[in-house]
1. Give a quick list of trypsin sites (Lys or Arg not before Pro) in the stretch 1-83 that DSSP marks as loop, anything other than H, G, I, E or B, with at most 15 other Cβ atoms within 10 Å.
2. Suppose all protein chains stay in the model; what accessible area per residue would a 1.4 Å probe give for the stretch 260-308, in Å²?
3. State which stretch of the chain is the longest one without any exposed GluC sites (Glu not before Pro), exposure meaning a DSSP loop state and at most 15 other Cβ atoms within 10 Å.
4. With the chain treated as a Gaussian network of Cα nodes joined by springs under 10 Å, which of Ala131, Ala17, Ala273 yields the largest mean-square fluctuation?
5. How many percent of the accessible area of the stretch 236-312 is carbon or sulfur, using a 1.4 Å probe?
6. Specify whether the C-alpha gyration tensor of the chain places it in the rounded, prolate or oblate class, a ≥ b ≥ c being the square roots of the eigenvalues: rounded for a/c under 1.5, otherwise prolate if a/b is larger than b/c and oblate if not.
7. Using the Cα centre as the reference, give the magnitude of the dipole from point charges on the C-beta atoms of the chain (Lys, Arg: +1; Asp, Glu: -1; all else neutral), rounded to the nearest 20 debye.
8. For Ala87 and Arg163, what does the FRET efficiency come to when R0 = 30 Å and r is the distance between their Cβ atoms, rounded to the nearest 0.05?
Amino acid sequence: MQTRILSADADGYAAAAGIWRAGGCVAFPTETVYGLGADARDDMAVARIFAAKARPRFNPLIVHVANMQAARELVAWSDAAEIVAHAFWPGPLTLVLPLREGAALSPLVTAGLPTLAVRVPGHPAARDLLAAHGGPVAAPSANPSGRISPTEAGHVLAGLDGRIEAVIDGGACPVGVESTILGLTGDPVLLRPGGVPVEALEAVLGQPVGLRAEGSALTAPSAPGQMRSHYAPGARVRLDARVRQAGEVMLGFGAVEADLNLSPSGDLTEAAANLFHHLHALDLMEAAGIAVSPIPERGLGRAINDRLRRAAAPKG
Ligand code: TXA
Ligand code: MG
(Lines give C-alpha, C1' and ligand atoms only; values in the text may rest on other atoms or scores of the structure.)
(Ligands and ions follow the chains in the order given, each with its own letter.)
Protein backbone atom coordinates (compact mmCIF):
# COMPACT_ATOMS: atom_id res chain seq x y z
CA MET A 1 0.00 0.00 0.00
CA GLN A 2 1.17 3.51 -0.84
CA THR A 3 0.66 5.90 2.11
CA ARG A 4 -0.50 9.30 0.81
CA ILE A 5 0.56 12.53 2.50
CA LEU A 6 -2.45 14.86 2.56
CA SER A 7 -2.41 18.60 3.17
CA ALA A 8 -4.14 20.16 6.18
CA ASP A 9 -6.76 21.99 4.11
CA ALA A 10 -10.26 21.41 2.72
CA ASP A 11 -8.97 19.19 -0.10
CA GLY A 12 -6.97 17.05 2.33
CA TYR A 13 -9.90 16.70 4.73
CA ALA A 14 -12.28 15.73 1.91
CA ALA A 15 -9.81 13.07 0.74
CA ALA A 16 -9.37 11.75 4.30
CA ALA A 17 -13.14 11.63 4.91
CA GLY A 18 -13.48 9.69 1.65
CA ILE A 19 -10.92 7.16 2.86
CA TRP A 20 -12.80 6.83 6.18
CA ARG A 21 -16.11 6.29 4.37
CA ALA A 22 -14.43 3.53 2.35
CA GLY A 23 -13.16 1.79 5.51
CA GLY A 24 -9.55 2.98 5.48
CA CYS A 25 -7.18 4.38 8.10
CA VAL A 26 -5.89 7.97 8.08
CA ALA A 27 -3.46 9.45 10.60
CA PHE A 28 -4.21 13.05 11.60
CA PRO A 29 -2.82 15.70 13.94
CA THR A 30 -4.44 16.49 17.27
CA GLU A 31 -3.16 18.98 19.84
CA THR A 32 -1.71 16.04 21.83
CA VAL A 33 -0.20 13.51 19.40
CA TYR A 34 -1.06 12.20 15.92
CA GLY A 35 -3.98 9.75 15.97
CA LEU A 36 -4.55 6.81 13.64
CA GLY A 37 -8.21 7.21 12.78
CA ALA A 38 -10.93 5.03 11.31
CA ASP A 39 -14.72 5.23 11.37
CA ALA A 40 -15.69 3.97 14.83
CA ARG A 41 -18.88 2.34 13.50
CA ASP A 42 -17.03 0.17 10.98
CA ASP A 43 -15.69 -3.11 12.44
CA MET A 44 -13.30 -3.85 9.60
CA ALA A 45 -11.92 -0.34 9.61
CA VAL A 46 -11.33 -0.47 13.37
CA ALA A 47 -9.73 -3.89 13.07
CA ARG A 48 -7.36 -2.42 10.52
CA ILE A 49 -6.17 0.10 13.13
CA PHE A 50 -5.12 -2.77 15.39
CA ALA A 51 -3.48 -4.52 12.46
CA ALA A 52 -1.54 -1.46 11.31
CA LYS A 53 -0.31 -0.82 14.86
CA ALA A 54 0.13 -4.51 15.71
CA ARG A 55 -1.70 -3.44 18.87
CA PRO A 56 -2.90 -5.94 21.48
CA ARG A 57 -6.65 -6.41 21.01
CA PHE A 58 -7.60 -5.80 24.62
CA ASN A 59 -6.72 -2.11 24.35
CA PRO A 60 -9.90 -0.07 23.89
CA LEU A 61 -9.68 3.04 21.71
CA ILE A 62 -10.61 6.68 22.25
CA VAL A 63 -13.46 7.93 20.07
CA HIS A 64 -13.04 11.45 18.68
CA VAL A 65 -16.05 13.61 17.85
CA ALA A 66 -16.53 17.16 16.58
CA ASN A 67 -18.47 18.58 19.53
CA MET A 68 -20.08 17.91 22.90
CA GLN A 69 -23.48 17.10 21.39
CA ALA A 70 -21.95 14.29 19.33
CA ALA A 71 -20.30 12.93 22.49
CA ARG A 72 -23.59 12.95 24.39
CA GLU A 73 -25.12 10.72 21.73
CA LEU A 74 -22.55 8.02 22.49
CA VAL A 75 -22.37 7.97 26.30
CA ALA A 76 -24.58 8.38 29.38
CA TRP A 77 -23.86 11.99 30.29
CA SER A 78 -23.52 13.28 33.87
CA ASP A 79 -23.22 16.55 35.78
CA ALA A 80 -19.50 16.01 36.29
CA ALA A 81 -19.07 15.33 32.56
CA GLU A 82 -20.91 18.55 31.76
CA ILE A 83 -18.64 20.57 34.06
CA VAL A 84 -15.31 19.26 32.78
CA ALA A 85 -16.42 19.18 29.13
CA HIS A 86 -17.46 22.84 29.33
CA ALA A 87 -14.15 23.74 30.94
CA PHE A 88 -11.74 21.69 28.77
CA TRP A 89 -13.38 20.76 25.44
CA PRO A 90 -12.25 21.08 22.78
CA GLY A 91 -8.94 20.04 24.30
CA PRO A 92 -6.64 17.33 25.66
CA LEU A 93 -9.17 15.64 27.95
CA THR A 94 -10.77 12.21 27.45
CA LEU A 95 -13.82 11.15 29.46
CA VAL A 96 -14.69 7.53 30.24
CA LEU A 97 -18.45 7.20 30.66
CA PRO A 98 -21.03 4.40 30.36
CA LEU A 99 -21.57 3.46 26.71
CA ARG A 100 -25.05 4.38 25.56
CA GLU A 101 -27.20 1.57 24.23
CA GLY A 102 -27.73 2.07 20.52
CA ALA A 103 -24.51 4.06 20.10
CA ALA A 104 -23.82 1.68 17.18
CA LEU A 105 -20.05 1.67 17.62
CA SER A 106 -17.92 -1.31 16.70
CA PRO A 107 -17.39 -3.43 19.83
CA LEU A 108 -13.73 -3.52 18.89
CA VAL A 109 -13.57 0.15 19.88
CA THR A 110 -14.48 -0.56 23.50
CA ALA A 111 -12.83 -4.00 23.56
CA GLY A 112 -16.15 -5.24 24.87
CA LEU A 113 -16.23 -2.88 27.88
CA PRO A 114 -19.54 -1.26 28.89
CA THR A 115 -17.76 2.11 28.96
CA LEU A 116 -16.46 4.42 26.24
CA ALA A 117 -13.54 6.84 26.16
CA VAL A 118 -14.54 9.95 24.20
CA ARG A 119 -12.99 13.32 23.46
CA VAL A 120 -13.40 16.49 21.40
CA PRO A 121 -9.91 17.42 20.18
CA GLY A 122 -8.95 21.08 19.91
CA HIS A 123 -6.51 21.03 16.99
CA PRO A 124 -8.08 22.97 14.09
CA ALA A 125 -7.16 20.25 11.57
CA ALA A 126 -8.77 17.56 13.74
CA ARG A 127 -11.90 19.66 14.24
CA ASP A 128 -12.33 20.47 10.54
CA LEU A 129 -11.62 16.86 9.59
CA LEU A 130 -14.17 15.48 12.07
CA ALA A 131 -16.72 17.99 10.80
CA ALA A 132 -16.01 16.95 7.21
CA HIS A 133 -16.49 13.29 8.13
CA GLY A 134 -19.57 13.84 10.28
CA GLY A 135 -19.18 10.66 12.35
CA PRO A 136 -17.23 9.25 15.30
CA VAL A 137 -13.58 8.42 14.65
CA ALA A 138 -11.71 5.85 16.73
CA ALA A 139 -8.06 6.82 17.01
CA PRO A 140 -5.21 5.54 19.13
CA SER A 141 -1.86 7.27 18.85
CA ALA A 142 -0.47 6.69 15.34
CA ASN A 143 2.57 4.61 16.31
CA PRO A 144 3.27 0.90 16.11
CA SER A 145 2.25 -0.70 19.43
CA GLY A 146 4.87 -0.24 22.14
CA ARG A 147 6.71 2.56 20.33
CA ILE A 148 6.95 6.27 21.09
CA SER A 149 3.88 8.37 20.24
CA PRO A 150 4.21 10.54 17.10
CA THR A 151 4.11 14.32 17.33
CA GLU A 152 4.93 15.00 13.66
CA ALA A 153 3.75 13.49 10.36
CA GLY A 154 7.32 12.24 9.82
CA HIS A 155 7.12 10.18 13.03
CA VAL A 156 3.90 8.58 11.73
CA LEU A 157 5.55 7.65 8.44
CA ALA A 158 8.63 6.29 10.22
CA GLY A 159 6.42 3.73 11.97
CA LEU A 160 3.46 3.14 9.68
CA ASP A 161 4.49 3.98 6.08
CA GLY A 162 2.90 1.46 3.72
CA ARG A 163 0.52 0.20 6.45
CA ILE A 164 -2.11 3.00 6.32
CA GLU A 165 -3.87 4.86 3.51
CA ALA A 166 -2.80 8.38 4.40
CA VAL A 167 -1.49 10.89 6.89
CA ILE A 168 -2.56 14.52 7.13
CA ASP A 169 0.50 16.68 7.63
CA GLY A 170 -0.48 19.39 10.11
CA GLY A 171 2.97 20.07 11.53
CA ALA A 172 4.08 19.50 15.12
CA CYS A 173 1.53 18.78 17.88
CA PRO A 174 1.50 21.72 20.35
CA VAL A 175 0.78 19.79 23.60
CA GLY A 176 2.99 16.80 22.86
CA VAL A 177 1.64 14.32 25.43
CA GLU A 178 -1.62 12.39 25.17
CA SER A 179 -4.90 13.52 26.64
CA THR A 180 -5.68 13.18 30.32
CA ILE A 181 -8.15 10.29 30.80
CA LEU A 182 -10.74 10.95 33.49
CA GLY A 183 -12.96 8.06 34.58
CA LEU A 184 -16.50 9.27 35.39
CA THR A 185 -18.37 6.00 35.82
CA GLY A 186 -18.28 6.58 39.59
CA ASP A 187 -16.31 9.05 41.67
CA PRO A 188 -13.87 10.90 39.37
CA VAL A 189 -10.66 8.93 38.90
CA LEU A 190 -7.54 9.75 36.93
CA LEU A 191 -6.97 6.83 34.53
CA ARG A 192 -4.04 8.48 32.73
CA PRO A 193 -2.25 11.76 33.43
CA GLY A 194 -1.96 13.92 30.31
CA GLY A 195 -2.40 17.33 28.74
CA VAL A 196 -4.86 18.67 31.34
CA PRO A 197 -3.27 18.71 34.81
CA VAL A 198 -5.27 16.85 37.45
CA GLU A 199 -5.13 19.97 39.64
CA ALA A 200 -7.12 21.86 36.98
CA LEU A 201 -9.78 19.11 36.92
CA GLU A 202 -10.08 19.19 40.69
CA ALA A 203 -10.43 22.97 40.62
CA VAL A 204 -13.47 22.94 38.29
CA LEU A 205 -15.04 19.81 39.85
CA GLY A 206 -14.60 21.15 43.37
CA GLN A 207 -13.64 17.69 44.59
CA PRO A 208 -10.54 15.50 44.63
CA VAL A 209 -9.83 13.20 41.70
CA GLY A 210 -8.79 9.70 42.76
CA LEU A 211 -5.52 8.32 41.48
CA ARG A 212 -5.50 4.87 39.94
CA ALA A 213 -3.08 2.69 41.91
CA GLU A 214 -0.06 1.82 39.76
CA GLY A 215 -0.08 -1.84 38.66
CA SER A 216 -3.12 -2.70 40.76
CA ALA A 217 -4.64 -5.97 39.54
CA LEU A 218 -8.11 -4.74 40.42
CA THR A 219 -7.92 -1.54 38.43
CA ALA A 220 -5.61 -2.62 35.62
CA PRO A 221 -8.43 -3.84 33.32
CA SER A 222 -10.07 -0.41 33.40
CA ALA A 223 -7.15 1.08 31.47
CA PRO A 224 -5.62 -1.89 29.71
CA GLY A 225 -3.41 0.35 27.57
CA GLN A 226 -1.43 1.31 30.60
CA MET A 227 1.07 -1.52 30.17
CA ARG A 228 4.33 -0.54 31.79
CA SER A 229 6.58 -0.94 28.74
CA HIS A 230 4.16 0.91 26.43
CA TYR A 231 6.48 3.74 25.47
CA ALA A 232 9.77 1.91 25.14
CA PRO A 233 12.46 3.27 22.83
CA GLY A 234 15.19 0.87 21.67
CA ALA A 235 17.75 2.06 24.23
CA ARG A 236 17.68 1.36 27.99
CA VAL A 237 16.24 4.37 29.81
CA ARG A 238 17.65 5.44 33.20
CA LEU A 239 15.59 7.95 35.20
CA ASP A 240 16.57 10.57 37.80
CA ALA A 241 20.07 10.76 36.35
CA ARG A 242 22.36 13.63 37.36
CA VAL A 243 25.10 12.87 34.81
CA ARG A 244 25.51 10.58 31.83
CA GLN A 245 27.48 7.35 32.18
CA ALA A 246 29.64 5.63 29.54
CA GLY A 247 27.61 4.76 26.44
CA GLU A 248 24.66 6.92 27.41
CA VAL A 249 23.10 9.96 25.79
CA MET A 250 21.50 12.49 28.11
CA LEU A 251 17.97 13.90 28.03
CA GLY A 252 18.14 16.96 30.25
CA PHE A 253 15.65 19.12 32.09
CA GLY A 254 16.63 22.48 33.54
CA ALA A 255 20.14 23.92 33.62
CA VAL A 256 22.12 20.72 32.97
CA GLU A 257 24.56 19.59 30.33
CA ALA A 258 22.72 17.25 27.96
CA ASP A 259 22.54 15.99 24.37
CA LEU A 260 18.97 17.25 24.19
CA ASN A 261 17.10 19.26 26.79
CA LEU A 262 13.34 19.05 27.40
CA SER A 263 13.38 22.60 28.74
CA PRO A 264 16.59 24.40 29.70
CA SER A 265 14.50 26.89 31.69
CA GLY A 266 12.62 24.14 33.55
CA ASP A 267 9.21 24.83 31.95
CA LEU A 268 7.03 21.67 32.18
CA THR A 269 4.73 22.68 29.31
CA GLU A 270 7.71 23.13 27.01
CA ALA A 271 9.10 19.81 28.30
CA ALA A 272 5.86 17.97 27.46
CA ALA A 273 5.84 19.41 23.96
CA ASN A 274 9.43 18.23 23.43
CA LEU A 275 9.19 14.82 25.15
CA PHE A 276 8.42 12.38 22.35
CA HIS A 277 10.30 14.46 19.80
CA HIS A 278 13.48 14.25 21.86
CA LEU A 279 13.00 10.56 22.71
CA HIS A 280 12.66 9.81 18.98
CA ALA A 281 15.79 11.80 18.20
CA LEU A 282 17.83 10.20 21.01
CA ASP A 283 16.62 6.73 20.01
CA LEU A 284 18.01 7.38 16.51
CA MET A 285 21.48 7.97 18.02
CA GLU A 286 21.54 4.26 18.87
CA ALA A 287 23.32 4.73 22.18
CA ALA A 288 23.27 1.88 24.71
CA GLY A 289 21.24 4.00 27.10
CA ILE A 290 19.33 7.23 27.60
CA ALA A 291 19.91 9.01 30.93
CA VAL A 292 17.08 11.36 31.94
CA SER A 293 17.20 14.27 34.39
CA PRO A 294 14.76 14.26 37.33
CA ILE A 295 11.41 15.87 36.38
CA PRO A 296 9.24 17.43 39.12
CA GLU A 297 6.08 15.43 39.87
CA ARG A 298 3.55 18.25 39.49
CA GLY A 299 1.28 19.59 36.71
CA LEU A 300 2.35 18.20 33.33
CA GLY A 301 5.39 16.70 35.07
CA ARG A 302 3.12 13.85 36.19
CA ALA A 303 2.28 12.92 32.59
CA ILE A 304 5.91 13.27 31.54
CA ASN A 305 7.10 11.01 34.39
CA ASP A 306 4.34 8.51 33.64
CA ARG A 307 5.61 8.22 30.04
CA LEU A 308 9.23 8.09 31.14
CA ARG A 309 8.58 5.34 33.69
CA ARG A 310 6.95 3.28 30.93
CA ALA A 311 9.89 3.96 28.66
CA ALA A 312 12.23 2.79 31.43
CA ALA A 313 10.26 -0.34 32.37
CA PRO A 314 11.88 -3.67 31.45
CA LYS A 315 10.62 -4.72 28.02
CA GLY A 316 8.27 -7.68 28.22
O1 TXA B 1 -4.26 12.28 23.20
C2 TXA B 1 -4.78 11.20 23.00
O3 TXA B 1 -5.58 10.70 23.81
C4 TXA B 1 -4.40 10.45 21.73
C5 TXA B 1 -4.94 11.24 20.55
C6 TXA B 1 -4.76 10.54 19.26
O7 TXA B 1 -6.29 11.54 20.78
N8 TXA B 1 -4.92 9.12 21.72
C9 TXA B 1 -4.41 8.13 22.52
O10 TXA B 1 -4.97 6.89 22.30
O11 TXA B 1 -3.55 8.31 23.33
P12 TXA B 1 -4.32 5.54 22.79
O13 TXA B 1 -5.13 4.47 22.17
O14 TXA B 1 -2.88 5.51 22.49
O15 TXA B 1 -4.60 5.49 24.31
C16 TXA B 1 -5.93 5.30 24.74
C17 TXA B 1 -5.97 4.91 26.18
C18 TXA B 1 -5.50 3.50 26.39
O19 TXA B 1 -4.65 3.47 27.52
C20 TXA B 1 -6.78 2.76 26.67
O21 TXA B 1 -6.61 1.65 27.50
C22 TXA B 1 -7.61 3.82 27.34
O23 TXA B 1 -7.32 4.96 26.60
N24 TXA B 1 -9.04 3.57 27.19
C25 TXA B 1 -9.76 3.53 26.06
N26 TXA B 1 -11.04 3.21 26.31
C27 TXA B 1 -11.14 3.04 27.65
C28 TXA B 1 -12.20 2.71 28.54
N29 TXA B 1 -13.43 2.45 28.10
N30 TXA B 1 -11.90 2.63 29.86
C31 TXA B 1 -10.66 2.88 30.31
N32 TXA B 1 -9.62 3.20 29.52
C33 TXA B 1 -9.84 3.28 28.21
MG1 MG C 1 -0.69 5.17 22.45
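The values are calculated or read from the model by the stated rules, or taken from the named source; none is laboratory data. Computed from a predicted structure; not experimentally measured. Neighbour counts run over all protein chains shown; Cβ positions are idealised from the backbone, glycine included. Just so you know, the surface numbers come from the protein's heavy atoms only, side chains and all, with ligands and any DNA or RNA stripped out. Shrake-Rupley method; radii C 1.70, N 1.55, O 1.52, S 1.80 Å.
1. On the way: sites: Arg4, Arg21, Arg41, Arg48, Lys53, Arg57, Arg72; in loops: Arg41, Arg57.
Taking the stretch 1-83 and a limit of 15 other Cβ atoms within 10 Å, the loop trypsin sites (Lys or Arg not before Pro) found are Arg57.
2. Numbers: 1790 Å² over 49 residues.
So the stretch 260-308 comes to 37 Å² accessible per residue, rounded to a whole number.
3. Working: sites that count: Glu73, Glu101, Glu214, Glu257, Glu286, Glu297.
The reported range is 102-213.
4. Between Ala131, Ala17, Ala273, it is Ala131 that shows the largest mean-square fluctuation.
5. Numbers: 1720 of 3410 Å².
Here it works out to 51 percent.
6. On the way: a/c = 1.69, a/b = 1.25, b/c = 1.34.
Cα axes put the chain in the oblate bin.
7. On the way: 26 positive and 30 negative charges, 182 e Å.
Dipole of the chain, to the nearest 20 debye: 880 debye.
8. Numbers: r = 37 Å, r/R0 = 1.24.
The formula returns an efficiency of 0.20 here.
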